[in-house]
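The values are calculated or read from the model by the stated rules, or taken from the named source; none is laboratory data. This is a predicted model, so every value here is computed, not measured. Counting neighbours? That spans all protein chains shown, and the Cβs are built from the backbone with ideal geometry, glycine included. Surface accessibility is based on the protein's heavy atoms, side chains included, excluding ligands, DNA and RNA. Shrake-Rupley method; radii C 1.70, N 1.55, O 1.52, S 1.80 Å.
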Amino acid sequence: MSARRQDGYSVPNEHISGLAAPDARDPEILITGFLVLGAATIGFAAALRERLGGREAGFGPYLLGVTGAGAIAAGLLRRDHMLLHPPDEPDDWQQSWRNDGHDLSAGVIYTTSVAAPLLLARHLARDPQLARLAPVGLGLSATSLALMGVFATQLDRRGNGIVQRVMVSLTMAFMSALAWRMLRDDS
């Protein structure tokens with residue numbers, strides 16, 4: 001919804017985070033999204049750790065918790081501009097420490113959300129209701145990792161906005177499927 005409200009913003013070519021920048025129209029939409037996603041991911045990580053036996057769950061749930069913390073940080077440390085190449089900035093423009101912090105937070109999100117399903121796989125396989133999702137998580141992580149490689153090799157490549165959206169959506173879909181299964185089991 002926020003992307004439709006932006007003059008000059010190209011969904012296929014611009015990164016998601018630009019929608020939370022100070023020069024975006026209604027940046028609070030995406031800032032709120034980052035904060036809610038982060039808090040919900042931390043809560044989900046805690047519930048998954050408990051479901052998988054506490055300490056027996058390994059490091060996967062912890063990595064998901066770090067993913068959530070990264071999302072909160074990404075929402076608080078915003079990009080400087082909505083566009084990757086703002087027309088009013090000189091070629092030698094340097095981004096702020098907040099933008100650097102946002103980029104670091106995004107890297108944490110990408111890395112931990114791809115690694116967590118790999119570390120969760122054997123623990124999920126021991127839970128009869130979650131076992132079928134273990135290979136799905138591995139496949140989505142591998143695909144997301146490949147897309148991460150494409151995305152990171154040239155951040156301002158045409159079409160990279162789509163690559164980024166698919167990359168993050170795959171691991172989010174896996175977490176959503178796990179959460180849905182856990183909620184169904186509890187009811």
| So R78 fits all but one of (1) without any contact (Cβ under 8 Å) to a residue 24 or more places away in the chain; (2) open to solvent by 60 Å² or more (accessible area, probe 1.4 Å); (3) not polar (S, T, N, Q); what number is the exception? | (1)
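Matching residues to (1) part of a helix (DSSP H, G or I); (2) within 28 Å of D156 (Cα to Cα); (3) basic (K, R); (4) at pLDDT 90 or above:
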residue	(1), (2), (3), (4)
D7	no, yes, no, no
S17	yes, yes, no, yes
L48	yes, no, no, yes
G70	yes, yes, no, yes
| task | Would you confirm whether any residue within the stretch 17-28 is open to solvent by 60 Å² or more (accessible area, probe 1.4 Å), without any contact (Cβ under 8 Å) to a residue 60 or more places away in the chain, of a type outside the set (D, E, K, R) and on the phi < 0 side of the Ramachandran plot? | result | yes
| remark: Pairing a residue in the stretch 86-103 that is more than 16 Å from L19 (Cα to Cα) with any residue that is surrounded by 13 or more Cβ atoms within 10 Å (Cβ to Cβ) and modelled with pLDDT under 95, where Cβ atoms lie under 6 Å and the two sit 6 or more apart in sequence or on different chains, gives Q95/D80; S96/D80
| query | Considering only residues of the stretch 154-187 that are closer than 18 Å to S10 by Cα and not in a helix (DSSP H, G or I), which is most open to solvent (accessible area, probe 1.4 Å)? | reply | R158
| request: Go through the stretch 30-61 residue by residue and tally those that are more than 15 Å from P117 (Cα to Cα), among the aromatic types (F, W, Y) and open to solvent by 40 Å² or more (accessible area, probe 1.4 Å). | output: 0
| said: Please determine whether any residue of the stretch 83-91 is open to solvent by 20 Å² or more (accessible area, probe 1.4 Å), under 22 Å from A71 (Cα atoms) and modelled with pLDDT under 95. | reply: yes
| remark: A careful count of residues in the stretch 104-138 that are buried (at least 17 other Cβ atoms within 10 Å of the Cβ), without any contact (Cβ under 8 Å) to a residue 40 or more places away in the chain and under 12 Å from the mean Cα position of the chain (by Cα) gives 1
